[in-house]
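Derivation of every value follows stated rules applied to the coordinates shown; laboratory data play no part. Worth saying up front: this structure is predicted, and the values here are computed from it rather than measured. Quick reminder, even Gly has a Cβ in these numbers, built from the backbone with ideal geometry, and neighbours come from all protein chains shown.
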Amino acid sequence: MSGKEYNPSEDKLVIGGKEFSSRFILGSGKYSIKLIDAAVRCAGAEIITVALRRANTKESESILDYIPKGVTLLPNTSGARNAAEAVRIARLSRELGCGDFVKIEIMRDSKYLLPDNLETIKATETLAKEGFIVMPYMYPDLMAARDLVSAGAACVMPLASPIGSNKGLATKDFIQILIDEIDLPIIVDAGIGRPSQACEAMEMGVDAIMANTAIATAGNITLMAEAFKQAIEAGRKAYLSGLGRVINRGASASDPLTGFLRD
Amino acid sequence: MDNEFFVDGAHLSESALKKKHMLENNPAMRDDPDEFKAGMEKISSDVSLLVLKEMDSFDPLSYTEKDVRAALAARSASVEDFKALLSPAAEPFLEEMARKASALTADHFGNTVYLFTPLYIANYCDNYCVYCGFNCYNDIHRLRLDYSQMEKEMSVIAASGMEEILILTGESRKMSDIKYIGEACKLAKKYFKNIGLEIYPVNSDEYAYLNECGADYVTVFQETYDKSRYSDLHLLGHKRVWQYRFDAQERALKGGMRGVAFSALLGLADARKDAFATAYHAYLLQRKYPHAEISLSCPRLRPIINNDKISPVGVGEKQLCQILCAYRIFLPFAGITVSSRESAQFRNGIVKIAATKVSAGVSTGIGDHESKYSGKENKEGGDEQFEINDARSLKKMYEDISEEGLQPVLNDYIDV
């Protein structure tokens, strides 16, 4: 990108062949109509995650009724404890008209809600073969990420820290490895608690940020949504521009150490 | 004031009355509470030993202000921190505990409050639990809904908008056998997204059958974890066997249930110790079965038909609030249900601090939803288990929760 004029309209996030201008995705954890409105209007979200188990309701408070037109629905499989259950939920979401996008969440732990990578890989393989655009939530492990790529994932979604913890990039070094080694979009999911953390992840080269609790539990939801939008955009620009060198020792080497060499 | 539990019903025969009095007055007439009855499954588990050991060593008076401050400052509450938060030393810190609990509830559950309603399908009971309105010696109108009556009740409840139901029975295997409860679950599947059970404890293969029929969540109240007190209050029937009841949640999980709920009935024994044991029981089972969803309830004693002297002696609203805050701080991820035993004012306040689930449109009677929901007269209903305090309808509850800035949720479940 350096040397070339930055044009935000050309800088697209591409998932499963579909282009998005926004790099903020609203997660599904905490839900309120106000939050969805803030995410779309103030944070510019074009993808909103919906827990199918909550959308699957008879009455008027279904979250689906509050998703604005033009926003891509990302149903997730929360509630699934293994690959078979995740596959069943994904198929149900398609039957309910939620489209082909699906976020795989498989958890066998009710306390920390940490994802089960092995079962996630299995579900990804099955669903990708069925034509789903599979976005797997995972623990940032390089081997698992490679297996997800082979299984047909459309992106990889490593967690930054435990879901809902707002603790930021606890797994930073491992996410960096995924950024360096995996060719699919890397979307940080879970644990981002502040705009500064979102910005830092974007500076590292993450392609998008998924967040929910950080905005849902803010004192002023709309203001926090705007803050996330700006932080993500700033981080993206910083990444594209190439971060300045970090000088670890002494002053900048304006006089090169090898300047004495004469040939 | 102590509770006065013993009341003689006018309908009791001379021989029944004689047996009742013998059970009440002569402990030697009662069955051995440690002996499993025929058909009761024994599982290999050390959870009860661990709970009893910790509960017995818990001396609420040994904790100080310093311990409470450390517990409030801890990154995550240890078992010792939890004990400190339940202790009298924590009473002056109630507001701080509430603030911490509220923040943790928001972190884990956002602003959502789940709504459900109980459906009692039968009130026959073979046990003599001296504080319970359904006890076999209490002079009440007994009823067991047949399948068409059951379906009528379900359709009335479903028409109100409710999507989660908790099916309850009295504890009589004879009058409400597993097949009967299973059929109730199958019928409920037609009307509701989420079905929980609060029935007498059963074996793991029976839980597996009920799970197949559509139930996914099992609630069992231990009533009190104090074995000696338990033995003094549960004088007759299967329920006399404390251990079989204690192991119910574990058998339910072995049977494939998604989640289990725990509770002591506060006011029967030392509430601090019972609260400790309840949450520690849940904590240990979650560690043993990490996939299990766990939740806690916090009922206090309520008056029953023929005995209005029963009350939650010694467990005031402040103490209940302290217990719920301690639950939340110790188990931030656990659901907490507050039933209609508590007042509207208490429930409105506690959903902002710790509770994640409340009941609405409640009847603890049998077959009377249509009359309660529509005002239509009904003289055929079975009597209630206890008097409720908060009689708000689903609509009113929904409105009240929304007005508090919270999000009522009718369903968060998908059958997989």
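Let me know the shape class of chain B, please: from the alpha-carbon gyration tensor, a ≥ b ≥ c as square roots of the eigenvalues, rounded when a/c is under 1.5, otherwise prolate if a/b is greater than b/c, or oblate. Because its axes are fairly even, with a/c under 1.5, chain B counts as rounded. By the Cα gyration tensor, the range A:95-169 has an equivalent ellipsoid whose semi-axes, rounded to whole angstrom, run 21, 15, 11 from largest to smallest.
When A:Leu113, A:Leu257, A:Leu178, B:Leu50 are arranged by Cβ crowding within 10 Å, least crowded first, meaning fewest neighbours, the order is A:Leu257, B:Leu50, A:Leu113, A:Leu178.
Computed on chain B, with alpha-carbon pairs under 8 angstrom and 6+ residues apart, the relative contact order is 23 percent. Cα centroid separation, the range A:171-208 to the range B:290-306: 43 Å.
In straight-distance terms, cross-link reach from A:Lys12 covers every one of the lysines whose alpha-carbon lies under 23 Å from its own, apart from those fewer than eight places away in the same chain; here that gives A:Lys4, A:Lys69, A:Lys103, A:Lys229, A:Lys237. Loop-located trypsin sites (Lys or Arg not before Pro) across the range B:138-225 with a Cβ neighbour count of 12 or fewer within 10 Å are B:Lys174, with loop assigned by DSSP. Computed from Cα atoms, the angle from the helix A:172-181 axis to the main principal axis of chain A rounds to 90 degrees. Residues B:Thr169, B:Thr112, arranged from fewest to most other Cβ atoms within 10 angstrom of their Cβ, appear as B:Thr112, B:Thr169.
Structure note, pairs B:Lys273/B:Lys318; B:Lys190/B:Lys357; B:Lys42/B:Lys254: Cα-Cα distances above 18 angstrom occur for B:Lys190/B:Lys357. Loop-resident GluC sites (Glu not before Pro) (DSSP state other than H, G, I, E or B) in the range B:61-135 with no more than 16 further Cβ atoms inside 10 Å of their Cβ are absent. Translational diffusion of the range B:268-416, estimated by Stokes-Einstein from the Kirkwood radius over alpha carbon pairs at 37 °C in a medium of 0.692 mPa s, is 192 µm² per second. Size descriptors for chain A (Cα atoms only): Rg and Dmax, in that order, 19.5, 81 Å. Applying a DSSP loop filter and a limit of 11 other Cβ atoms within 10 Å to the trypsin sites (Lys or Arg not before Pro) in the range A:151-249 leaves A:Arg245, A:Arg249. Between the helical axis of A:117-129 and the longest alpha-carbon principal axis of chain A there is an angle of about 70 degrees.
Once you keep just the Cα pairs under 8 angstrom separated by 6 or more residues, what percentage relative contact order results for chain A?
Here the relative contact order equals 17 percent.
Rounded to the nearest 10 degrees, the angle from helix A:142-151 to the longest Cα principal axis of chain A is 50 degrees.
Here chain A is scanned for chymotrypsin sites (Phe, Trp or Tyr not before Pro) in DSSP loops (not H, G, I, E, B) that have at most 14 other Cβ atoms within 10 Å, and the longest stretch holding none of them is A:113-259.
When B:His11, B:His281 are arranged by Cβ crowding within 10 Å, least crowded first, meaning fewest neighbours, the order is B:His11, B:His281. Only lysines eight or more places from B:Lys66 in sequence, or on another chain, were considered; those with a Cα closer than 19 Å are B:Lys83, B:Lys100. Within a straight-line Cα-Cα reach of under 16 Å, B:Lys186 can be paired with the following lysines, leaving aside sequence neighbours fewer than 8 residues apart in one chain: B:Lys152.
For the protein assembly as shown, the Cys residues with no second cysteine's beta carbon closer than 4.7 Å are A:Cys42, A:Cys98, A:Cys155, A:Cys199, B:Cys125, B:Cys136, B:Cys298, B:Cys321, B:Cys325. For the range A:146-238, the relative contact order comes to 27 percent (Cα pairs under 8 Å, sequence separation of at least 6).
Per DSSP H run of at least 4 residues, take -39500 (n - 2.57); add these up for chain B, divide by its residues and hand me the 222 nm value, nearest 500 deg cm²/dmol.
Values: 16 runs with 166 residues, N = 416.
After summing the helix terms and dividing by residue count, I get -12000 deg cm²/dmol.
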